1. Right, B:Gly12: closer than 24 Å to A:Leu59 by Cα and either among the aromatic types (Phe, Trp, Tyr) or in contact (Cβ under 8 Å) with a residue 60 or more places away in the chain (or both) or not?
2. Filter the stretch A:80-139 for residues that are more than 7 Å from chain B (Cβ to nearest Cβ) and not in a helix (DSSP H, G or I); which is nearest to B:Ala118 (Cα to Cα)?
3. Quick one: how many residues across the stretch B:119-155 are under 15 Å from A:Leu87 (Cα atoms) and part of a loop (DSSP other than H, G, I, E, B)?
4. Given the criterion at positive phi and out of contact with any His (no Cβ under 8 Å at 6 or more places or on another chain), identify the matching residue among A:Gly89, A:Gly96, A:Gly48, A:Gly102.
5. Filter the stretch B:77-90 for residues that are under 15 Å from B:Ser52 (Cβ atoms) and either β-branched (Val, Ile, Thr) or modelled with pLDDT under 95 (or both) and give the result.
6. What number of residues in the stretch B:113-151 are surrounded by 20 or more Cβ atoms within 10 Å (Cβ to Cβ) and more than 7 Å from every other protein chain (Cβ to nearest Cβ)?
7. Among the residues of the stretch B:1-59, which ones are facing another protein chain (nearest Cβ under 9 Å), charged (D, E, K, R) and closer than 25 Å to B:Phe92 by Cβ?
8. Looking only at the stretch A:140-156, which residues are among the aliphatic types (A, V, I, L, M), part of a helix (DSSP H, G or I) and without any contact (Cβ under 8 Å) to a residue 24 or more places away in the chain?
Amino acid sequence: MSWARSAIVDELRWLSSEEFTTLFGLCQFMPGPNIVNLSVCIGNRFQGASGAAISLLGLLFAPVVIAVTLGALYGRFGDLPAIQAVLRGIAAVAAGLIIAMGLRMAADLLKWPLLIIFSVAILWAVAFLHWPLLPVMLALAPLSIWVAARFYCGGA
Amino acid sequence: MKEITEILLEFGALSLVAFGGAGTVLPELHRIAVETHHWMSDATFSYLVAISQAIPGPNVIIVTLIGWHTAGLAGALAATVAMCAPSSLLIFILMHFWEKIRGTRWRLTIQTGIVPLAVGLVLASGFIVTRGADKSLGAFAITAATVLIVLYGKLNPLWLIGIGAIFGLAGLV
């Protein structure tokens with residue numbers, strides 16, 4: 001994402017830094033993959049619906065081709081011991097990358113200590129109790145937003 | 001055909017609750033693919049996540065891999081479209097409205113309230129991938145070292161993935 005920011009703001013000058021921050025805020029807030037959302041917004045800003053569609057296609061085409069290729073290779077050779085060994089190594093790193101991202105995001109929560117309880121609750125519900133995301137989200141999001149309003153964003 | 005329908009319905013619905021991006025939906029993808037529909041094993045799920053992390057581009061590409069593994073090319077395309085189209089349509093419609101309510105207090109409040117849920121979901125994702133992938137002491141050590149290097153170092157993640165692959169090949173994981 002930091003790479004996307006420097007390309008869009010600094011090199012191509014499609015958006016000012018402030019516009020980027022505002023749009024990115026929206027894209028983070030709305031459901032859906034952030035960078036996919038961002039490409040829809042930027043495409044839409046320049047060319048309307050067709051711009052959004054083309055921008056989306058441009059973003060996803062190459063990764064999808066690579067994914068299908070690697071997926072096919074995995075299907076064909078995934079059972080070989082050497083490939084399994086390599087994938088185990090990469091998966092261990094991938095797990096670390098995701099945990100580190102979560103911890104980095106968690107640092108923001110130190111500003112709002114009461115909200116940490118919602119992180120723990122959703123982690124517990126989906127990872128240990130295996131509850132489906134939708135009802136968990138519908139139950140926790142209003143509560144979390146209410147606590148944010150009551151204690152951190154100037155009264156409900 | 002049954003799988004394609006399942007992919008379209010499950011991922012299409014997931015698209016609209018994927019607050020915080022693709023990283024936050026891994027637990028739900030795991031529940032759908034491994035626990036509900038038995039499309040793959042726990043380990044395969046972790047390997048597909050690993051492959052998706054190594055592919056440059058958006059990490060939503062994990063759904064493409066799940067779709068491919070489940071139902072071939074049609075599955076890959078169905079999964080990608082189902083995961084991207086509903087949320088894209090929503091943001092396309094709401095973009096102008098959002099710019100209008102800029103800086104208002106309730107927008108800030110909603111944004112703040114969503115953060116802890118996204119954090120919890122990303123950590124749950126990390127936990128689930130660890131549970132599926134790390135079966136040895138060496139694997140746990142690599143995961144822990146990766147966390148520390150990302151938090152305190154400056155190495156590009158692609159290097160870490162390369163190093164992980166070499167460690168794996170050397171039989172250390």
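The values are calculated or read from the model by the stated rules, or taken from the named source; none is laboratory data. Quick caveat, the model's predicted, so the values are computed rather than measured. Cβ: placed from backbone, ideal geometry, glycine included. Neighbour counts: every protein chain shown.
1. Details: closer than 24 Å to A:Leu59 by Cα: yes; either among the aromatic types (Phe, Trp, Tyr) or in contact (Cβ under 8 Å) with a residue 60 or more places away in the chain (or both): yes.
Against the criterion (closer than 24 Å to A:Leu59 by Cα and either among the aromatic types (Phe, Trp, Tyr) or in contact (Cβ under 8 Å) with a residue 60 or more places away in the chain (or both)), B:Gly12 qualifies.
2. Only one residue fits best here, namely A:Trp131.
3. Step one: filter the stretch B:119-155 for residues under 15 Å from A:Leu87 (Cα atoms), giving B:129-136, B:138-140, B:142-143.
Now drop any that are not part of a loop (DSSP other than H, G, I, E, B), which leaves B:134-136.
Residues that pass the stated criteria total 3.
4. Values: A:Gly89 fails: at positive phi; A:Gly96 fails: at positive phi; A:Gly102 fails: at positive phi.
Going through A:Gly89, A:Gly96, A:Gly48, A:Gly102 in turn, the sole match is A:Gly48.
5. Within the stretch B:77-90, the subset under 15 Å from B:Ser52 (Cβ atoms) is B:79-80, B:83-84.
If the condition is that a residue be under 15 Å from B:Ser52 (Cβ atoms) and either β-branched (Val, Ile, Thr) or modelled with pLDDT under 95 (or both), then B:Thr80, B:Met83, B:Cys84 are the ones that fit.
6. Going through the stretch B:113-151 one residue at a time, the tally reaches 1.
7. Answer for the stretch B:1-59, where residues must be facing another protein chain (nearest Cβ under 9 Å), charged (D, E, K, R) and closer than 25 Å to B:Phe92 by Cβ: just B:Glu28.
8. Taking the stretch A:140-156 and keeping what is among the aliphatic types (A, V, I, L, M), we get A:140-141, A:143, A:145, A:147-149, A:156.
Checking which are part of a helix (DSSP H, G or I) leaves us with A:140-141, A:143, A:145, A:147-149.
Passing the criteria: A:Leu140, A:Ala141, A:Ile145, A:Ala149.
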